[in-house]
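Okay, structure first, notes after.
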Amino acid sequence: MKVLVISPKNKTLFNFRGDLIKRIIEKGHEVTAIGPDKTFIDDVLSLGVKFIEVPFSKDNTSIMGDLKYYRQLKKIIKQECPDVVFNYTIKPVIYGSLAARHSGIKRIYPMVTGLGRVYASNNFKARILRLVTGGLYKYALKGCNRVIFQNTDDLNKFVKLKYVSSEKVVRVDGSGVNMERFSVNALPSENTFLMIARIIKEKGIFEYAEAARIVKKKYPDARFLLLGGYDNSMGAIKPEEIQPYIEDGSIEYLGETKNVVPYLEKARVFVLPTYYREGLPRTILEAMAMARPIITTDWPGCRDAVTHNVNGLLVNPQDSKDLADKMIHIIANPIQAQQMSKKSLILCQEKYDVNIVNGKMLDIMSIK
């Protein structure tokens, strides 16, 4: 059997889909991966896939650019003749599903890994883009066997808006986490908070920095680490915009890394104050696998993984004061933090282990 994976970014092929791809190959199937460029190509090829480059811009709203992307996908699908097409994120889902359907592919399984800023904002441009995107989703998903979601909010929204019928939808628990790589270790006693995210506004970068500034007035020894790369997409934050928080000691910016494990080991609490329309943030699952209490927003995807006062605390989106209050609560209640730590690990073992999630993915796609 030949499986074609259509990805928006090469890094996600090995970081989020690597274990799934390896499992498909171990079962004796051939995997071809499509990505937008040659970045991280050695990591991608190490999975054992055949790689094909099809450029596109995820933030570009050019009709001609999107049509070119669709035509290139269709040409490759006809050449490769895959038995199964698996595609994820907005443009690969829409244009990959259409290209596969118009090429006669019978088994198409798109995954909606969050809705992005188009569905998080309510400005005029976002509303217009939602109308266009909604129509494209509805048309594209008609020819798919199942549509896979990573959180309950997105699934319910697509059904309510009639983008897809309720009979076709299925939810999995995110991308899963490799619990051998992200193995449990003791909770540090130091009050060290860690946020891992792209440096874009909607991830809650400013809210994290403002909250850190507030908390340090009461607990000056508390540390607030920020790990992640700068971005050139819409919502990108410039280095000089967060520099004041670095200079006054509110946060410590650590740059970007391919291995977050050493940083999670140092952290007592993981924080993600996002108001981006997430699927189910992988960083939360990685922190849970390492038995960390979580502070995140009461927001689609995040609230699927975190139950308030059980394995972490939920905060109001875009509310740095509420975030600071929750951080202070964790510092002031170390016994509860330990209890949340244990519950995070148990939940991860029961639901989010990558072997459990990928087993369900293979069942959905009927890959034996």
Sole exception among (1) charged (D, E, K, R); (2) touching a residue at least 60 places away in the same chain (Cβ under 8 Å); (3) open to solvent by 60 Å² or more (accessible area, probe 1.4 Å) for R213, by number: (2)
Answer from T274, T283, T257 - the residue that is touching a Ser or Thr at 6+ places or on another chain (Cβ under 7 Å) and either farther than 19 Å from F16 by Cα or in contact (Cβ under 8 Å) with a residue 24 or more places away in the chain (or both): T274
Check on P220, open to solvent by 50 Å² or more (accessible area, probe 1.4 Å) and farther than 21 Å from K326 by Cβ: no
Residues of the range 1-36 satisfying the condition of being farther than 19 Å from T113 by Cβ, open to solvent by less than 50 Å² (accessible area, probe 1.4 Å) and assigned to a loop (DSSP other than H, G, I, E, B): H29
Evaluation of L225 against (1) open to solvent by 40 Å² or more (accessible area, probe 1.4 Å); (2) assigned to a strand (DSSP E or B) (one fails), failing number: (1)
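If a residue must be touching a Gly at 6+ places or on another chain (Cβ under 7 Å), open to solvent by 50 Å² or more (accessible area, probe 1.4 Å) and part of a loop (DSSP other than H, G, I, E, B), how many such residues does the range 180-210 contain?
From the range 180-210, those touching a Gly at 6+ places or on another chain (Cβ under 7 Å) are 196-202; that's our starting set.
Among the residues that remain, those that are also open to solvent by 50 Å² or more (accessible area, probe 1.4 Å) are: 198, 201.
Then drop every residue that is not part of a loop (DSSP other than H, G, I, E, B), which leaves 198.
So the answer is 1.
The values are calculated or read from the model by the stated rules, or taken from the named source; none is laboratory data. Predicted model only: the values in this text are computed from it and were never measured. Don't worry about glycine lacking a Cβ; one is built from the backbone with ideal geometry, like all the others, and counts go over all protein chains shown. Heads up: the accessible areas ignore ligands, DNA and RNA and are worked out on the full protein's heavy atoms, side chains in. Shrake-Rupley method; radii C 1.70, N 1.55, O 1.52, S 1.80 Å.
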